[in-house]
1. Consider the stretch 163-184. How many of its residues are out of contact with any Leu (no Cβ under 6 Å at 6 or more places or on another chain), modelled with pLDDT of 90 or more and part of a strand (DSSP E or B)?
2. Restricting attention to the stretch 200-210, which residues are buried (at least 17 other Cβ atoms within 10 Å of the Cβ) and either in contact with a Leu (Cβ under 9 Å, 6 or more places away or on another chain) or at pLDDT 95 or above (or both)?
3. Could you look through the stretch 98-128, keep only residues that are under 18 Å from the mean Cα position of the chain (by Cα) and among the basic types (K, R), and pick out the one that is nearest to G75 (Cα to Cα)?
4. Hey, any hits in the stretch 96-106 for a residue that's modelled with pLDDT of 85 or more and over 23 Å from D23 (Cα atoms)?
5. Within the stretch 113-152, can you find the residues that are modelled with pLDDT of 80 or more, assigned to a loop (DSSP other than H, G, I, E, B) and closer than 23 Å to K101 by Cα?
6. Please specify each residue of the stretch 62-85 satisfying the condition of being more than 15 Å from the chain's Cα centre (by Cα) and assigned to a strand (DSSP E or B).
7. If I50 passes every condition in (1) surrounded by 13 or more Cβ atoms within 10 Å (Cβ to Cβ); (2) modelled with pLDDT of 65 or more; (3) farther than 19 Å from R174 by Cβ but one, which one does it miss?
Amino acid sequence: MKKVILLAILIISSTSLSAQSFDWGPKINIGSPDVSVKDIKNLKNNDNNINDLLKVNDASINLQLGVYARLKLLGFYIQPEAMFSNSSSELNYNDIKGEVKLNKIDVPVMIGKRFLKIFRVNAGPVFSLKLSQDIEQSGVKDASEEISTNYKNATVGLQYGIGLDISMITIDLRVEKGLQSISDEVKIAGESFSTDQRLDQVMLSVGLRF
């Protein structure tokens, strides 16, 4: 994944481009993430009520800040981005609650087509690199009841959507689908759960073109 990101940077930096074939600028995303936990399995027993005990609330509205570059080639364009993202979601297990906060860098690499010099459609992979994670807990009486989860250092997802360019303003509406689980296991109050936890979201972004 790091090689893909490096290749995109080298292509942009080493190619001599005119102003008509290369755009770049800052952008901000507003996202509405949905953290889904599927295939929950208790590793200690086969409690049939485990899905009722373990609840995951949807993540709150989050903001992403970053930059993008748009390289136009053969009637299409390639748009790599680097976006700082933070999100939070809540895990509930009986009376124990934990707010999970995750900071990461998202690197979408979009391939798209422009129509009528205004409208765009695009799709491509998004590579997510974890920077840090933290869990704020309540209802915990001692260390044995704490919530712990290890998010993966890197995951891959898919983004697709439509865009609009008006003068120096660029607007995008995208859907992101998680192709990998961001965490394979959650431990709560001494119980271990094997999970397929994925992050899906809808994002609206506004940026400037230079």
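The values are calculated or read from the model by the stated rules, or taken from the named source; none is laboratory data. Not measured: the values here are computed from a predicted model. As a convention, Cβ positions derive from the backbone with ideal geometry for all residues, glycine included, and neighbour counts pool all protein chains shown.
1. Count: 10.
2. M203, S205, G207
3. Top of the filtered list is K104.
4. So the first thing to find is which residues in the stretch 96-106 are modelled with pLDDT of 85 or more, and the list is 103-106.
Now narrow it down to the ones that are over 23 Å from D23 (Cα atoms): 103-104.
Checking the stretch 96-106: at least one residue is modelled with pLDDT of 85 or more and over 23 Å from D23 (Cα atoms).
5. Y151, K152
6. Taking the stretch 62-85 and keeping what is more than 15 Å from the chain's Cα centre (by Cα), we get 67-79.
Passing the criteria: V67, Y68, A69, R70, L71, K72, L73, F76, Y77, I78, Q79.
7. Unmet for I50, out of (1) surrounded by 13 or more Cβ atoms within 10 Å (Cβ to Cβ); (2) modelled with pLDDT of 65 or more; (3) farther than 19 Å from R174 by Cβ: (2).
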